[in-house]
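> Got a structure for you, questions after.
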Amino acid sequence: MKIEILYPDLCDLYGEPANMKYILSAIKNAEVYETGIFEKPKFVSEDVNFIYLGSMTENSQKMVCEKLMPLRERLRELIDSGAVILATGNALEIFCDKIVCEDGSETSCLGFFHGTARPEMMKRHNSLFLGEFNLHEDAASVIGEEGMAKEVDSGNNEAQKIEIVGFKSQFGHILPSDEGDTWTPLFKRIRGVGIDGKKQDSHMGEGVRINNFMATYLLGPLLILNPPFTKYILNLLGEEGKLPYEDVAMEVYETRLREFKDPERGFFY
Amino acid sequence: MRKFRYAAALLAAKLSVIALKLTKRNGTNFPGLLAIKICPDFLAHIGKPEKIVGITGTNGKTTVSNLLVDALEAKGISVLNNRLGSNIHFGIATSLLRGANLFGKSRYEMAVLEIDERATPKILPYIKPEYMLVTNLFRDSIKRNAHTEYIAGILNANIPKETKLILNADDLISARLCSENERVYFGITKMDSDRTESINLINDITLCPICSHKLKYEYLRYHHIGKAYCSHCGFKAPEYDYFGSNVDFEKMTIDIGDADERVNYKFISDGIHNIYNMVSCVAVLKELGIGYRESKELLKKVKIVGSRYSKELCGDVFVANQMAKENNALGSSRAFDYVAGQKGDKELVLMMNCLGDEKTWSENTSWLYDCDFEYLNDQSIKRIIVTGPRGKDYHLRLLLAGVPEEKIIWVKSEIDAPDKLEYTKGESIFIFYGTDSIALGERVLAKTKDIARKRRVQ
């Protein structure tokens with residue numbers, strides 16, 4: 001299996017490199033490529049099964065957009081063919097239309113979903129997030145009951161979901177204009193804010209999903225915090241191995257879930 | 001109107017100082033907060049000492065400020081400082097207020113002010129330090145500080161043009177601040193323990209600031225601290241004006257000086273980060289006109305504040321507290337590296353929980369994965385007690401760092417942690433706590449010492 005970590009020399013904030021170390025320990029026979037900002041990505045010339053892009057500084061966002069823009073069509077091709085792509089933190093913004101800074105300067109982004117990121121540098125948003133991720137039936141059987149939350153929907157069908165916990169810490173938000181057309185929210189929002197950052201009067205979920213392309217503003221060690229979601233990604237990759245220290249990781253996950261479900265717990269710093 | 005507002009703020013805040021003194025609550029920032037609420041530009045009007053030294057940076061600013069104040073006071077200079085209050089605008093306003101008479105005129109010759117990097121937009125428009133020491137810039141609190149580019153941007157926008165900078169040449173991030181300001185650089189020459197490739201998780205500058213190609217290092221000490229250069233465009237780190245050399249950990253000595261003169265100093269603490277603190281302190285003193293021989297004598301009289309690090313023989317074991325600031329991966333990595341490198345067997349208690357966040361929210365634990373817990377995977381560390389609200393997160397992080405499962409013990413309440421230690425004769429016990437958990441940490445420390453002494457008696 002071919003796995004590409006894009007630009008780890010720039011996209012390494014908030015402990016996010018640990019995400020890949022964690023999931024890679026559960027993948028047999030992984031060929032891992034760490035592609036620096038001055039290197040040609042492996043996905044250009046080869047079919048790669050899994051691509052990861054993590055949080056970066058605002059200046060690095062400009063460099064990454066510049067590097068990926070000529071590769072836009074190839075990335076789209078990979079998304080359409082079902083390659084797993086995960087982007088965390090402000091790497092999400094690389095895939096919207098553009099980033100507009102407070103001084104009016106603009107960075108053109110890949111435009112896989114429509115919306116503009118508008119960072120406000122003296123207004124950092126910090127919050128907790130509790131959400132749900134819908135599962136396909138086949139994936140549900142792999143993850144097992146321990147990590148599942150079941151819910152009966154209005155049609156009396158038992159939907160299977162994974163509960164998601166996470167952190168947000170960011171300068172900007174995106175108000176996407178085309179939800180449902182080409183993409184769906186990655187996570188349903190239970191508490192906290194969605195992709196638009198609005199605390200009230202918003203139906204928006206968190207993140208963007210197009211086939212197996214998954215981008216979310218949730219940052220940090222997302223995969224370590226959410227073992228069921230990590231197992232889902234493993235399942236997408238055709239892997240069924242145990243995660244490192246899965247029992248302890250599940251205990252940490254369940255402790256955090258209980259905290260985040262506590263109605264007394266504040267969600268916005 | 002402006003003068004009236006300032007006078008009202010001064011009077012109200014002075015009265016609040018008296019009220020706080022009567023109620024024995026001297027350590028709060030309330031007077032400064034009150035003054036700024038009444039008069040938003042209070043800091044512009046309140047009297048200040050003629051000479052002001054500002055100290056900012058991610059790590060070491062409290063230690064260096066304390067060292068400087070103690071050294072200057074030992075010389076007989078009256079130094080206003082904010083060590084009792086906070087390092088944001090309210091704390092600095094409180095300190096200036098306490099140091100001023102009823103008419104707002106300062107009673108001090110000099111001020112040494114520790115200034116939070118993020119608070120500079122609210123302080124530096126009104127206070128123009130003659131000198132500003134920037135100890136270093138690293139990744140810090142994710143919530144407030146985001147990343148080093150962000151903090152460097154804030155400092156660039158707010159440090160006054162007329163301020164002379166004292167910068168760390170071994171830190172390529174802070175060394176490049178405010179390019180138009182007059183400046184001197186300090187650093188430490190090559191040490192035996194240096195390397196050329198990083199072993200740390202955090203490396204906040206990996207690309208050349210001129211051509212964006214990968215930086216190389218003549219020597220690399222920890223994280224991005226070292227002597228960097230770019231083999232692509234020829235860029236290199238600044239030369240030292242003041243430098244430490246011949247670091248001798250056995251004798252606990254270092255030569256500090258410049259191209260013309262060097263004097264042998266005794267370390268105040270043998271952690272490399274504290275050696276940097278000492279070199280930077282000597283550099284500031286030299287800029288203030290105090291020669292090396294004199295600063296050596298002055299620094300002999302000072303020591304690092306006990307709440308940050310202290311070690312005591314209790315019964316058959318040494319018991320130490322080690323400050324490891326929560327949310328600050330770099331600070332904790334340095335503390336872990338230092339403790340792991342100490343001679344002899346050790347047991348640790350990890351309780352650097354961000355208790356402030358836990359009261360209302362839940363701590364963002366991303367920093368645990370920026371922090372080098374890998375240092376604790378060391379044969380000399382026999383047991384690690386993880387505790388407090390994030391104790392289980394520490395447990396998982398330690399496992400992922402390779403620490404064997406049988407060495408890790410989770411206990412829910414911090415105060416029960418000392419009961420889980422073994423107190424093996426000759427070992428050292430280190431209690432790691434952060435700024436949020438100082439009070440609780442001191443209780444855990446006291447209990448640990450108590451148990452250690454009683455075991456000896458038995």
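The values are calculated or read from the model by the stated rules, or taken from the named source; none is laboratory data. Since the model is a prediction, treat every value here as computed from it, not as a measurement. Every residue, glycine among them, receives a Cβ derived from its backbone with ideal geometry; neighbour counts consider all protein chains shown.
> Have a look at B:Leu313, B:Leu348, B:Leu288, B:Leu299 and point out the one that is farther than 30 Å from B:His147 by Cα and buried (at least 23 other Cβ atoms within 10 Å of the Cβ). Step through it out loud before you land on a result.
Values: B:Leu313 fails: buried (at least 23 other Cβ atoms within 10 Å of the Cβ); B:Leu348 fails: farther than 30 Å from B:His147 by Cα; B:Leu288 fails: buried (at least 23 other Cβ atoms within 10 Å of the Cβ).
Answer to the selection: B:Leu299.
> Further question on the same structure: Out of all the residues in the range B:142-183, which are more than 24 Å from B:Tyr126 (Cα to Cα) and part of a strand (DSSP E or B)?
B:Asn168
> Continuing with the same structure: Please specify each residue of the range B:378-414 satisfying the condition of being more than 14 Å from chain A (Cβ to nearest Cβ) and assigned to a loop (DSSP other than H, G, I, E, B).
B:Asp378, B:Gln379, B:Ser380, B:Ser413
> More than 10 Å from every other protein chain (Cβ to nearest Cβ), over 18 Å from A:Asn126 (Cβ atoms) and out of contact with any strand residue (DSSP E or B) (no Cβ under 8 Å at 6 or more places or on another chain): does that describe B:Leu133?
The answer is no for B:Leu133.
> Of these, B:Leu72, B:Leu15, which one is of a type in the set (A, V, I, L, M, F, W, C), assigned by TED's automatic domain parsing to the domain that holds B:Tyr276 and within 24 Å of B:Arg308 (Cα to Cα)?
Within the list B:Leu72, B:Leu15, the selection yields B:Leu72.
> Restricting to the range B:254-294, name every residue that is under 19 Å from B:Lys75 (Cα atoms), in a helix (DSSP H, G or I) and β-branched (Val, Ile, Thr).
Start the filter on the range B:254-294 by keeping residues that are under 19 Å from B:Lys75 (Cα atoms), which leaves B:263, B:265-266, B:268, B:278-294.
With in a helix (DSSP H, G or I) added as a condition, the list becomes B:278-287, B:292-294.
Those that are under 19 Å from B:Lys75 (Cα atoms), in a helix (DSSP H, G or I) and β-branched (Val, Ile, Thr): B:Val279, B:Val282, B:Val284.
> What's the number of the only condition in (1) of a type in the set (Asp, Glu); (2) in contact (Cβ under 8 Å) with a residue 40 or more places away in the chain; (3) more than 26 Å from B:Tyr292 (Cα to Cα) that B:Glu218 fails to meet?
(2)
> Can you tell me how many residues in the range B:29-73 are touching a residue at least 40 places away in the same chain (Cβ under 8 Å), assigned to a helix (DSSP H, G or I) and of a type outside the set (Asp, Glu)?
Qualifying residue count, the range B:29-73: 21.
> Within the range B:88-100, can one find any residue that is outside any helix (DSSP H, G or I), surrounded by fewer than 24 Cβ atoms within 10 Å (Cβ to Cβ) and among the charged types (D, E, K, R)?
To start, the set of residues in the range B:88-100 that are outside any helix (DSSP H, G or I) comprises B:88, B:99-100.
Applying the additional criterion that residues be surrounded by fewer than 24 Cβ atoms within 10 Å (Cβ to Cβ) yields B:88, B:99-100.
Still in the running and among the charged types (D, E, K, R): none.
Scanning the range B:88-100, I find no residue that is outside any helix (DSSP H, G or I), surrounded by fewer than 24 Cβ atoms within 10 Å (Cβ to Cβ) and among the charged types (D, E, K, R), so the answer is no.
> Just to be sure before I move on: is A:Phe38 closer than 30 Å to B:Arg139 by Cα, surrounded by fewer than 15 Cβ atoms within 10 Å (Cβ to Cβ) and aromatic (Phe, Trp, Tyr) in the structure I sent?
Answer is yes for this residue.
> Then there's this: When the residues of the range B:166-198 are filtered to those that are within 14 Å of chain A (Cβ to nearest Cβ) and more than 13 Å from B:Asn136 (Cα to Cα), which remaining residue is farthest from the chain's Cα centre (by Cα)?
B:Glu197
> Are any residues in the range B:337-375 in a helix (DSSP H, G or I), farther than 22 Å from B:Ser413 by Cα and more than 13 Å from chain A (Cβ to nearest Cβ), and if so, which ones?
B:Asp337, B:Tyr338, B:Val339, B:Ala340, B:Tyr375
> A:Glu93 is checked against (1) more than 14 Å from chain B (Cβ to nearest Cβ); (2) crowded, with 20+ Cβ neighbours inside 10 Å; (3) more than 25 Å from B:Phe138 (Cβ to Cβ) and fails just one. What number does that condition carry?
(3)
> Show me the helices (runs of 4 or more DSSP H) found entirely inside the range A:1-82 where at least 2 residues are hydrophobic (A, V, I, L, M, F, W, C) and within 14 Å of chain B (Cβ to nearest Cβ).
Where helices (runs of 4 or more DSSP H) fall fully within the range A:1-82 and carry at least 2 residues being hydrophobic (A, V, I, L, M, F, W, C) and within 14 Å of chain B (Cβ to nearest Cβ), they are A:17-24, A:58-68.
> Being among the aliphatic types (A, V, I, L, M) and either without any contact (Cβ under 8 Å) to a residue 40 or more places away in the chain or over 26 Å from A:Ser177 (Cα atoms) (or both), is that true of even one residue in the range A:31-42?
Taking every residue of the range A:31-42 in turn, at least one turns out to be among the aliphatic types (A, V, I, L, M) and either without any contact (Cβ under 8 Å) to a residue 40 or more places away in the chain or over 26 Å from A:Ser177 (Cα atoms) (or both).
> Here is a list of conditions, (1) in contact with a His (Cβ under 9 Å, 6 or more places away or on another chain); (2) under 23 Å from B:Ser332 (Cβ atoms); (3) surrounded by fewer than 21 Cβ atoms within 10 Å (Cβ to Cβ), and B:Ile202 meets all of them except one; can you say which number that is?
(3)
> Right, another one. Out of B:Lys143, B:Lys122, which single residue is within 14 Å of chain A (Cβ to nearest Cβ) and within 19 Å of the chain's Cα centre (by Cα)?
None of the others qualify; the one that does is B:Lys143.
> Right, something else. Identify, please: which residue in the range A:158-178 is of a type in the set (A, V, I, L, M) and assigned to a strand (DSSP E or B) and is, among those, surrounded by the most Cβ atoms within 10 Å (Cβ to Cβ)?
Taking the range A:158-178 as the starting set, the residues that turn out to be of a type in the set (A, V, I, L, M) are A:159, A:162, A:164-165, A:174-175.
Still in the running and assigned to a strand (DSSP E or B): A:159, A:162, A:164-165, A:174.
Numbers: A:Ala159: 14, A:Ile162: 23, A:Ile164: 28, A:Val165: 25, A:Ile174: 24.
Here the residue is A:Ile164.
> Collect the residues in the range B:322-334 that are within 21 Å of B:Arg443 (Cα to Cα) and either at pLDDT 95 or above or among the hydroxyl-bearing types (Ser, Thr, Tyr) (or both), keeping them in residue-number order. Write out each step before concluding.
Here is the first cut: in the range B:322-334, the ones within 21 Å of B:Arg443 (Cα to Cα) are B:322-326, B:332.
B:Ser332 - this is the single residue of the range B:322-334 that is within 21 Å of B:Arg443 (Cα to Cα) and either at pLDDT 95 or above or among the hydroxyl-bearing types (Ser, Thr, Tyr) (or both).
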